1. Residue by residue through region 190-213, note down the ones that are part of a strand (DSSP E or B), surrounded by 15 or more Cβ atoms within 10 Å (Cβ to Cβ) and not small (G, A, S).
2. Can you confirm whether L52 is hydrophobic (A, V, I, L, M, F, W, C), surrounded by 14 or more Cβ atoms within 10 Å (Cβ to Cβ) and either at positive phi or at pLDDT below 75 (or both)?
3. Here is a list: G151, G176. Which entry is outside the structural domain of P254 (by TED's automatic domain parsing) and either over 13 Å from the mean Cα position of the chain (by Cα) or touching a residue at least 60 places away in the same chain (Cβ under 8 Å) (or both)?
4. For I245, only one of the following conditions fails: (1) in a helix (DSSP H, G or I); (2) more than 30 Å from G129 (Cα to Cα). What is its number?
5. Restricting attention to region 245-271, report how many residues are surrounded by 19 or more Cβ atoms within 10 Å (Cβ to Cβ), more than 13 Å from G224 (Cα to Cα) and over 23 Å from the mean Cα position of the chain (by Cα).
6. On the basis of being modelled with pLDDT of 70 or more, out of contact with any Phe, Trp or Tyr (no Cβ under 8 Å at 6 or more places or on another chain) and not polar (S, T, N, Q), does V123 make the cut?
7. I'd like to check which strands (runs of 3 or more DSSP E) are fully inside region 122-185 and have at least 3 residues that are exposed (fewer than 15 other Cβ atoms within 10 Å of the Cβ).
8. Within region 143-168, track down each residue that is touching a Lys or Arg at 6+ places or on another chain (Cβ under 6 Å) and closer than 21 Å to V70 by Cα.
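The values are calculated or read from the model by the stated rules, or taken from the named source; none is laboratory data. This structure is a prediction, so every number in the text was calculated from the model and none was measured. Glycine also receives a Cβ, built like all others from the backbone with ideal geometry; neighbour counts cover every protein chain displayed.
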Amino acid sequence: MDPFFFDKLTPFLAQKSVAITEACLRILLILTVASVAIRALNFGLKKLEQVLLTWREREDKERIANEKRVKTLIGMLRTICLTILWVIAVIMSLDQIGLDITPILAGAGIAGLAVGFGAQNLVRDVINGFFMILENQVRVGDVAVVNGTGGLVEAISFRTITLRDQSGTVHIFPNGSVTTLANMTKDWSAYVMDIGVAYKEDTDHVVAVMRQVAAELQQDPQIGSKMLEPIEIMGVDAFGESEIIIKARIKTLPIEQWVVGREYRRRLKKAFDREHIEIPFPHRTLLMGESSPAFRFNGSLIQNKISAQPNQ
């Protein structure tokens, strides 16, 4: 073997060894910085979670729902941030070992653009779902009307919201397609009533009876705890064809308005009966018989008469 070859090879190997060692040290430094950044990220997200959970005093049900919402948001933020950190660390490590990362970045950009065009509806659903959960617009267990369809909210994800109506039908709406959202049970609910009474009744007396029934209902050990305030009588709201409309509202705990309202109507009917307050309803009168004029058919005189026929 030519000694001149060994004289050339030794410095080359020494130079490569130094370059490899420096690259390994740089990669180790990159991974160390990434590890420190991940620890800092976890610490910051944990502090953020504590701040969001102790934002204000809440009741037990509301606190549990708030904890779920905060944990979901923190989990999503952690996943996004960790993905970004690891992608940066891997790209910088590949650059240190001598790989040209320009084609990788260009390919990632093109792939991201293609995925963005192909999955734009999915991205829109996720973004809308993120803000829906962040702003606490609706929660599991609420009664909501989404795009004109009402029902109980059974599930909320970053992609869809699931409702079940009274007939048991499940409706699934992508978050990106939600154009109107009405939450009927956020913080508190209300049962609105249009009570019709006859024109001959004294409206002041009717209002007094309505208040009395509501006060008795509020003292009920089971129903009264679901009422947040005394009944609100808004007064005479309209003049109908055969009745005067008195509008009222009962403010209740979330999703309890129907239980309270139905019991109130039951008691109000009994109270109206005791006070002889008339609840009008349509009447229809039919006149027929001997007094109707006769008419001719094929030259014969036929009397307009209805005779009872025995059941066959």
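1. Scanning region 190-213 gives Y191, M193, I195, V197.
2. Considered against the rule, which asks whether it is hydrophobic (A, V, I, L, M, F, W, C), surrounded by 14 or more Cβ atoms within 10 Å (Cβ to Cβ) and either at positive phi or at pLDDT below 75 (or both), L52 comes out as yes.
3. Step by step, each of G151, G176 is checked, and only G176 is outside the structural domain of P254 (by TED's automatic domain parsing) and either over 13 Å from the mean Cα position of the chain (by Cα) or touching a residue at least 60 places away in the same chain (Cβ under 8 Å) (or both).
4. Of everything listed in (1) in a helix (DSSP H, G or I); (2) more than 30 Å from G129 (Cα to Cα), I245 misses just condition (1).
5. Qualifying residue count for the region: 3.
6. yes
7. Passing ranges, in order: 149-156.
8. Residue satisfying the conditions is E154 alone.
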